[in-house]
Amino acid sequence: MTGDLFDSVAEAQPQREAIADGAVLLRGFVKPMESGLIDAARAIVAQSPFRRMTTPGGHQMSVAMTNCGERGWITDHTGYRYDPVDPRTAAPWPAMPPLFCDLARRAAEQGGFEGFAPDACLVNCYEPGTRLSLHQDKDELDYSAPIVSVSLGLPATFLFGGLARSDKPRRFRLVHGDVVVWGGASRLAYHGVAPLADGEHPLLGRKRINLTFRRTR
Ligand code: SIN
Ligand code: FE2
């Protein structure tokens, strides 16, 4: 019976690691729905393909991106913004799959943020060597909602700093199935991803896919 008791405790309390004030790392949180997530991501990409966007400064990003949800995050020579229309297809972004909304809400809850209802999900595709430099997620109108970030595929080194760009970031290894939630005192923390190491993931090959959920307004 002891085994059963410990099993149910493990199930009721997913592994949660506080990484900063208002920020938690949920190890393996989306592992149980990995294939549903990957299938849903493939359907999104079939409708609104990955593309490497250009920053206002004229640099092409190394990570390729797309979106789903009511609004998508885009960058071009005019700036960063959320837009209900995919400029590539001139059609609305693919709808956010119920599985996505549900896991984002449950993950946020684990981080202490009740009632998270994302209206945007940025889908990032990393190939070996690509990186995301330190930045804040600050194009949203309301910072009371957290950011929920899901890792699939190849492992990555996630950099999580403070509220100043100069704060030395801490490094966390994120693997397939991990989720990071940050809000509250960490909502505007600088973060990024170190250049992706090469490798082969059984489900996604030489890629890392990241889903980042936001409430934009
Ligand atoms: C992001 O900051 O938008 C993505 C972070 C990640 O890929 O883990
Ligand atoms: Fe970000």
Legend entry - Enumeration of residues in region 172-217 that are part of a loop (DSSP other than H, G, I, E, B), within 16 Å of ligand 2 (Cβ to nearest atom) and within 19 Å of M65 (Cα to Cα): A194, L196, R215, T216
Legend entry - Restricting region 68-87 to residues that are touching a residue at least 40 places away in the same chain (Cβ under 8 Å) and not in a strand (DSSP E or B), the residue that is least open to solvent (accessible area, probe 1.4 Å): R71
Inset, instruction - Tell me, please, whether a residue that is within 13 Å of ligand 2 (Cβ to nearest atom), under 16 Å from the mean Cα position of the chain (by Cα) and free of Cβ contacts under 8 Å to residues at least 40 places away in the same chain can be found in region 138-147. - result: no
Inset, instruction - Please indicate, with yes or no, whether at least one residue in region 103-119 is open to solvent by 40 Å² or more (accessible area, probe 1.4 Å), of a type outside the set (K, R), free of Cβ contacts under 8 Å to residues at least 24 places away in the same chain and not in a loop (DSSP other than H, G, I, E, B). - result: yes
Inset, instruction - Mind listing whichever residues of region 88-102 are in contact (Cβ under 8 Å) with a residue 12 or more places away in the chain and either assigned to a helix (DSSP H, G or I) or crowded, with 18+ Cβ neighbours inside 10 Å (or both)? - result: W93, P94, M96, P97, L99, F100, C101
Legend entry - Extreme residue, farthest from P84 (Cα to Cα), among residues of region 140-153 that are among the hydroxyl-bearing types (S, T, Y) and crowded, with 22+ Cβ neighbours inside 10 Å: S151
Inset, instruction - Test F113 against the criterion of being touching a helix residue (DSSP H, G or I) at 6+ places or on another chain (Cβ under 9 Å) and within 11 Å of ligand 2 (Cβ to nearest atom), and give yes or no. - result: no
Inset, instruction - Scan (1) within 13 Å of ligand 2 (Cβ to nearest atom); (2) over 26 Å from M33 (Cα atoms); (3) among the small types (G, A, S) for the single condition S166 breaks and write down its number. - result: (1)
Inset, instruction - Output the residue which, of all residues in region 22-67 that are away from ligand 1 (no atom under 14 Å from the Cβ), in a strand (DSSP E or B) and free of Cβ contacts under 8 Å to residues at least 60 places away in the same chain, is surrounded by the most Cβ atoms within 10 Å (Cβ to Cβ). - result: R51
Inset, instruction - Hey, could you check region 120-139 for residues that are of a type outside the set (A, V, I, L, M) and assigned to a strand (DSSP E or B) and say which is most open to solvent (accessible area, probe 1.4 Å)? - result: S133
Inset, instruction - Return yes or no: is V24 closer than 21 Å to A189 by Cα and at pLDDT 95 or above? - result: yes
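The values are calculated or read from the model by the stated rules, or taken from the named source; none is laboratory data. Since we're looking at a predicted model, the values are computed, not measured. In this analysis, Cβ positions are derived from the backbone assuming ideal geometry, glycine residues included, and neighbour counts consider all displayed protein chains. Heads up: the accessible areas ignore ligands, DNA and RNA and are worked out on the full protein's heavy atoms, side chains in. Shrake-Rupley method; radii C 1.70, N 1.55, O 1.52, S 1.80 Å.
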